[in-house]
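Note sheet for the following structure.
The values are calculated or read from the model by the stated rules, or taken from the named source; none is laboratory data. Bear in mind the structure is a predicted one, so any value in this text is a computation, not a measurement. Here the Cβ is made from the backbone with ideal geometry for all residues, glycine too, and neighbour counts use every protein chain on show. When the accessible area is computed, the model is the full protein with side chains, heavy atoms only, and any ligands, DNA or RNA have been set aside. Shrake-Rupley method; radii C 1.70, N 1.55, O 1.52, S 1.80 Å.
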Amino acid sequence: MAKVLVIGASGQIGKQATGKLLEAGHHVVAPVRSPEKLDDFENDNLVVKEQNLEKDFSEHFEGADCVVFVAGSGGNSGDDKTLLIDLWAARNAANYAKAANTPKFVMVSSIGAGDPDAVSSSIKPYLVAKHMADEHLMNSGVPYIILRPGTLLNEPGTHLVSTDMPDNQDDAVIPREDVATAIVEAVNRSDTSNVTTYLFKGDTPISKIFE
């Protein structure tokens, strides 16, 4: 099984992804600001390290088979933290992965990150940060899978998704659990070609979207 570096493992999606990766038999390294948030995990394959993403966190990349970046500043923070975490920490993570010759980078982005100018919303600074982070990863030379989920829901996952943009904005949604499952499928994917994909509720098994 792979050694997976999960950046943002204490967040809502990150914690679910960490649990699913451990269930799949992977070894997970989780640098987090508050290690106690992962105290409910009891697994010898999990290494939790205290880390502030606004500082140098390059040491965690050594020997990683895959990096998952699912960190976020959170909806209650200001644009300053959006800039420092969603853009700068993501940018740094891509640079660290490049320096460590990491074979794969899974980035959890957002539905509007492809074209922030097309979105008239107060979250535009967040989408700009995600856009710039995605662009940096794409140009870094690190093999990548970028996931752009729709509006996130706190409900059980269905393990079924669509990667096509829905006609109705109300359908552009997905449970956080399904995003976490997609992360695991991305980690497990053997094909090394680069992928950028949307994720919404749908009828395609998540296991099929990377085939």
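With a 1.4 Å probe and all protein chains left in place, how much of the accessible area of segment 28-78 comes from carbon and sulfur atoms, in whole percent? It would help to have the intermediate numbers written out before the result.
Details: 1050 of 2870 Å².
Here it works out to 36 percent.
Quickly estimate the mean residue ellipticity at 222 nm for the chain, helices only: each DSSP H run with n ≥ 4 gives -39500 (n - 2.57), and the total goes over all residues, rounded to 500.
On the way: 4 runs with 50 residues, N = 211.
Dividing the helical sum by the residues of the chain leaves -7500 deg cm²/dmol.
To check you understand DSSP bridge types, tell me what percent of the beta bridges within the chain (both residues inside) are antiparallel, rounded to 5. It would help to have the intermediate numbers written out before the result.
Working: 4 of 31 bridges.
Taking every DSSP beta bridge with both residues in the chain, the antiparallel ones total about 15 percent.
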- Could you work out which residue, out of Lys37, Lys124, Lys55, moves most in a Gaussian network model of the chain, that is, has the largest mean-square fluctuation with Cα springs under 10 Å? Lys55
- For segment 13-19, in residue order, the Karplus 3J(HN,Hα) values (coefficients 6.51, -1.76, 1.60; θ = phi - 60°; whole Hz; Gly and Pro = x) are 6, x, 5, 5, 5, 4, x
- Of the peptides 191-202, 98-109, how do they stack up when ordered by the mean number of other Cβ atoms within 10 Å, highest first? 98-109, 191-202
- Message: In 10 Å bins starting at zero, report the fraction of Cα pairs in the chain per bin as a rounded %.
- Response: 9, 37, 40, 13, 1
- Item | Cross-link partners of Lys81 among lysines (Cα-Cα below 25 Å; sequence separation of 8 or more within a chain) | Lys15, Lys37, Lys49, Lys55, Lys98, Lys124, Lys130
- Message: As an exercise, use a Förster radius of 35 Å and the Cβ-Cβ distance of Ala99 and Ser207 to find the FRET efficiency, rounded to the nearest 0.05.
- Response: 0.60
- Task: Would you mind estimating how fast segment 159-211 diffuses translationally, via Stokes-Einstein at 20 °C and 1.002 mPa s with the Kirkwood radius over Cα pairs, in µm²/s?
- Result: 187 µm²/s
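Can you work out the accessible area per residue across the chain, with the rest of the protein chains kept in place, probe 1.4 Å, in square angstrom?
On the way: 10170 Å² over 211 residues.
It amounts to 48 Å² per residue over the chain.
Shape verdict for segment 115-211, please, from the Cα gyration tensor: rounded (a/c under 1.5), prolate (a/b greater than b/c) or oblate.
oblate
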- Message: Cβ neighbours within 10 Å, averaged per peptide: list 128-135, 24-31 in order, most packed at the top.
- Response: 128-135, 24-31
